Amino acid sequence: MLIYGATGYTGTLIVHEAARRGLDFEIAGRTEEKLAALATELNVPYHVFSVDDLAGWKKSLLGKTALLNIAGPFSETANQAMEASIKFKVHYFDITAEVDIYRLAESKDAAAKAAGIMLLSGAGLFATYDPLVVHTAKRVKNPVAIRTAFKYSGGFTPGSVASSSNIINAGLLVRKNGEIKKITEAPSVAFDLGDGPEEFSLMPLGGVVLSFKSTGIPDIEEYFKMALPAEGGEEGTLNFQAGHPKTELTTQRSKILVEVTGADGTVARSMADTLDGYVPTVTSAVEVVSLALNGSYKIGFQSPASAYGAALITLLPDVNITDF
Ligand SMILES: NC(=O)c1ccc[n+]([C@@H]2O[C@H](COP(=O)([O-])OP(=O)(O)OC[C@H]3O[C@@H](n4cnc5c(N)ncnc54)[C@H](OP(=O)(O)O)[C@@H]3O)[C@@H](O)[C@H]2O)c1
């Protein structure tokens, strides 16, 4: 595999996890100094080129099975990296949460199929979220609507801050009757994720694209809330150590609640809680790519659960699921 964007905060965690698991990989990015240091530390080859450099992609993807793109914001890198994957016939993965990137991947479905490769955007958060949606949908007859509430515990790196702006700038997107619609205002909604009712804001995290792909359920709304730091904790960027917030926040868990409504009005709720911070993204991305490296993939645009089903969540460490 080639890991592009390997020297960012999340990239560095991912390459160490890939090395720990004994995967066969090389690293790439645009800044030589950082790449050379990381490559020496891990004893792997490295490639320096910008995302617009087709010759760089050609040389570095030669003999590879998969590309894992971790260079975000993905609005600046995903189109070039997806096009290179299609051209040089390697499976494509990224860890974006930018909804427009999922739509971009969806738009390249036919090209990916023609190339015989899988385009799987969202191998981070969505490796938990999307299988959980499929799991919950199986608990009602004729599912017609999904609502999700994601409570994130942690901070943000600079790459994530830039990506968050892209998510917010995408607007208030929901899926209604099978179509994505932009609405002008959305009241906050109270969900109880085990800490009593709390207000969440509408935010398109990408389920409007990915969970529609994996379930075909026509109505989807997604809500988000940042967990407040524990007392004495700090908020903001770069407040991390080895993927976790540096403070007492590490005792908190990120939580995803999924509600699926059936045609008869029955509602099933399932919740997953994970470690806080970026650790779940790191282990998820490496797990998902390793499945493809071992020959398990579906060609064309895929979400984590359309490719690997609800069972994917059971492969991820330290994820607890509660049905109620
Ligand atoms: N959904 C999830 O589960 C999840 C979780 C964690 C992170 N993420 C996303 O992953 C991305 C990376 O996060 P991070 O924590 O690693 O951020 P970061 O520490 O700020 O690193 C960003 C990385 O991307 C590279 N990069 C940025 N723009 C580039 C461009 N135009 N061309 C080539 N390389 C470029 C940077 O290269 P230089 O070092 O050369 O500047 C750096 O290696 C962000 O978009 C973030 O939102 C998603």
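The values are calculated or read from the model by the stated rules, or taken from the named source; none is laboratory data. Since this is a predicted model, take the numbers as computed values, not measurements. Reconstructed Cβ throughout: ideal geometry from the backbone, glycine too, with neighbour counts over all protein chains shown. When the accessible area is computed, the model is the full protein with side chains, heavy atoms only, and any ligands, DNA or RNA have been set aside. Shrake-Rupley method; radii C 1.70, N 1.55, O 1.52, S 1.80 Å.
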- Task: Looking only at segment 54-67, decide whether some residue is touching a strand residue (DSSP E or B) at 6+ places or on another chain (Cβ under 6 Å) and hydroxyl-bearing (Ser, Thr, Tyr).
- Result: yes
- Note on Ala115: of the conditions (1) more than 10 Å from the ligand (Cβ to nearest atom); (2) in contact with a Pro (Cβ under 9 Å, 6 or more places away or on another chain); (3) closer than 23 Å to Ala78 by Cα, unmet is (2)
- Message: I'd like the residue in segment 90-100 that is open to solvent by less than 10 Å² (accessible area, probe 1.4 Å) and closer than 24 Å to Lys181 by Cβ and, out of all such residues, is farthest from the ligand (Cβ to nearest atom).
- Response: Val99
- Item | Pair list, Cβ under 8 Å, 6 or more apart: segment 155-166 residue under 15 Å from Leu125 (Cβ atoms) and of a type in the set (D, E, K, R), other residue within 6 Å of the ligand (Cβ to nearest atom) and open to solvent by less than 30 Å² (accessible area, probe 1.4 Å) | none
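Quick check on my filter: what residues within segment 264-278 are part of a loop (DSSP other than H, G, I, E, B) and surrounded by 21 or more Cβ atoms within 10 Å (Cβ to Cβ)?
To start, the set of residues in segment 264-278 that are part of a loop (DSSP other than H, G, I, E, B) comprises 264-266, 276-278.
Selection gives Asp276, Gly277, Tyr278.
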- Query: Which of the residues spanning segment 89-112 are farther than 13 Å from Asn79 by Cβ and free of Cβ contacts under 8 Å to residues at least 40 places away in the same chain?
  - Reply: Lys89
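This table checks each residue for (1) away from the ligand (no atom under 12 Å from the Cβ); (2) closer than 28 Å to Gly154 by Cβ.
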site: Ala6; (1), (2): no, yes
site: Asp24; (1), (2): yes, no
site: Ile27; (1), (2): no, yes
site: Ala36; (1), (2): yes, no
site: Leu62; (1), (2): yes, no
site: Leu67; (1), (2): yes, yes
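Restricting to segment 206-220, give me the number of residues that are open to solvent by less than 10 Å² (accessible area, probe 1.4 Å) and either without any contact (Cβ under 8 Å) to a residue 24 or more places away in the chain or among the hydrophobic types (A, V, I, L, M, F, W, C) (or both). Steps first, answer last, please.
Pass one, segment 206-220, residues open to solvent by less than 10 Å² (accessible area, probe 1.4 Å): 206-211, 217, 220.
From what is left, the residues that are either without any contact (Cβ under 8 Å) to a residue 24 or more places away in the chain or among the hydrophobic types (A, V, I, L, M, F, W, C) (or both) are 208-210, 217, 220.
Residues flagged as open to solvent by less than 10 Å² (accessible area, probe 1.4 Å) and either without any contact (Cβ under 8 Å) to a residue 24 or more places away in the chain or among the hydrophobic types (A, V, I, L, M, F, W, C) (or both) within segment 206-220 amount to 5.
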- Message: Of the residues Val44, Val15, only one is touching a residue at least 24 places away in the same chain (Cβ under 8 Å), more than 14 Å from the ligand (Cβ to nearest atom) and hydrophobic (A, V, I, L, M, F, W, C); which?
- Response: Val44
- Residue list for segment 244-274, filter: among the polar types (S, T, N, Q), modelled with pLDDT of 95 or more and within 18 Å of Leu125 (Cα to Cα): Ser270
- Matching residues in segment 1-20 (over 20 Å from the mean Cα position of the chain (by Cα) and surrounded by 13 or more Cβ atoms within 10 Å (Cβ to Cβ)) number 1
- Determine, yes or no, whether Lys58 is within 9 Å of the ligand (Cβ to nearest atom) and either open to solvent by 20 Å² or more (accessible area, probe 1.4 Å) or assigned to a helix (DSSP H, G or I) (or both). no
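Looking at Leu120, is it closer than 23 Å to Val279 by Cβ and of a type in the set (A, V, I, L, M)? Step through it out loud before you land on a result.
Numbers: closer than 23 Å to Val279 by Cβ: yes; of a type in the set (A, V, I, L, M): yes.
Against the criterion (closer than 23 Å to Val279 by Cβ and of a type in the set (A, V, I, L, M)), Leu120 qualifies.
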